1. For the stretch 6-16, how many residues meet the condition of being surrounded by 23 or more Cβ atoms within 10 Å (Cβ to Cβ) and of a type outside the set (V, I, T)?
Amino acid sequence: MDRILIADDEPEIRSLLRLYLENEGYEVIEADNGTDALRMLAGGEISLCLLDIMMPGMDGFHVLKKLRETSDIPVIIISAKDADPEKILGLDLGADDYMVKPFSPLEAVARVRTNLRRYEKIRAVSGAAQKENAILSHRDLQLDLDACILYKNDEKIELTPVEFRMMQLFMRHPGKVFTKQQIYENAWGEEYIASDNTIMVCISKLRAKLDEDPSRYIRTIRGLGYRMENG
C-alpha cells in the first residue's frame with residue numbers, strides 16, 4: 001500500500017485530503033510543520049509527499065531541497081502562491097507537480113495517482129535500462145541511469161527529476177527534433193498544456209547547467225521544438 005505524507009499547517013486541508021486519499025486505499029500520515037515533515041521523509045517508506053510551502057519550523061522549499069539530496073520520490077507542492085516565480089522555484093528544486101489553493105480534492109487524488117504511476121513507470125524503465133546499458137553517452141556527457149546523475153567530462157551535474165527525464169529523452173535520440181508536447185509528456189507524464197511556459201523555463205535552466213553556450217547541446221528548432229546536437 002502506498003503511504004502518502006500530507007505536510008501542511010492547515011488541519012482542515014489535511015483532514016480533507018486524508019478523507020479522499022484513504023477512500024482511494026492510500027495510507028496517510030500527517031505533519032503540521034516542515035521539521036516534522038523532513039523527519040518523516042528521512043525515515044523512508046513514504047511513496048509521495050503533498051508539501052505546503054508556508055509552514056512553521058521549516059518552509060516547504062527547504063524541506064524539498066533537503067529531501068532531494070537523498071530521495072527522488074514524487075513531491076506535489078500545494079500552495080496559496082500562484083505566481084510563476086514560486087512555481088518555477090518549486091520545479092527547479094525538484095518538485096514533480098504544483099497545485100494552487102484552493103483546489104478540488106478530487107483533482108488532488110488524480111494528481112497523486114498520476115505521479116505515483118509515472119514514478120513506478122520510470123523506476124521500471126530505469127531498471128530495464130540498467131540491465132541493458134546503465135550509462136548513456138553523447139559527446140562529453142554521460143548519464144548514469146541507475147544513479148540518475150549526469151557527468152560532463154567526469155564532473156557531476158546535479159539534475160532535478162524533470163531535467164533527468166529530459167536528458168534521458170535527448171541522449172537516447174541525439175539529432176532528433178522533439179516537440180514541446182513530446183518533451184512535456186515524457187518529462188511530466190501528463191497531457192501537454194499549450195499555454196504552459198514550464199518547458200521553456202526548464203530547458204533554459206538545463207542549458208545553463210550544461211554549458212555557457214545555451215545552444216551547444218540543446219538547440220531550439222524554430223517552430224518545431226528542440227534537439228540534442230550531435231557535435
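Throughout, read-outs are computed from the coordinates displayed, never taken from laboratory work. Since this is a predicted model, take the numbers as computed values, not measurements. A quick note on method: Cβ atoms are made from the backbone with ideal geometry, for glycine too, and the neighbour counts reach across all protein chains shown.
1. 2
Matching residues to (1) in contact with a helix residue (DSSP H, G or I) (Cβ under 7 Å, 6 or more places away or on another chain); (2) of a type in the set (F, W, Y); (3) surrounded by fewer than 14 Cβ atoms within 10 Å (Cβ to Cβ); (4) within 20 Å of D2 (Cβ to Cβ):
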position	(1), (2), (3), (4)
G43	no, no, yes, yes
L51	yes, no, no, yes
S104	no, no, yes, no
Y119	no, yes, no, yes
